[in-house]
Amino acid sequence: MPRASIFDMKLSKVYPLLVAKAEKKGRSKEEVDRVTEWLTGHDMSKIDMEMTYGDFFRSAPCINPNAELITGKICGVRVEDIEDPLMQNIRRLDKLVDELAKGRAMEKVLRTRAE
């Protein structure tokens, strides 16, 4: 059976995995929702969980302008080097959830530019 593209997977299949990763390390679903809302502009309490993961990012009201500050490796690939903007945003969310799971303070996860 061919492997499904992450773009075509239902949000209802992918999002609980992100939440489980955070909860396993003592973080909460609310914190995952907060970083997701920060990145995408979506209100997670109003999201149709049956949309595809690709459509979730395509329909994002506003990708946070500070998303470009998310750097580092996820699955061995530097987030900032990913050329496809859709995949880059998917990996950015992965990176944010990884940082939560590693115990990073929310203030640091939700990057702000120095004024």
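Since every read-out is calculated from the coordinates, none of them should be taken as a lab result. Worth saying up front: this structure is predicted, and the values here are computed from it rather than measured. No Cβ is skipped: glycine too gets one built from the backbone with ideal geometry, and neighbour counts run over all protein chains shown.
Tabulated data
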item	result
Exceeding the 20 Å Cα-Cα cut-off - candidates Lys13/Lys95; Lys25/Lys108; Lys21/Lys73; Lys29/Lys108; Lys46/Lys102	Lys46/Lys102
Furthest towards positive pole of dipole, Ala67, Leu93, Met51, structure part the range 6-103, Cβ charges	Leu93
Alpha carbon convex hull of the range 2-93, volume per residue in cubic angstrom	111
Highest-MSF residue in the chain out of Ala105, Ala20, Ala67 [GNM, Cα springs under 10 Å]	Ala105
Size of charge dipole - the range 22-115 - debye, nearest 20, with Cβ of Lys, Arg +1 and Asp, Glu -1, no other charges	440
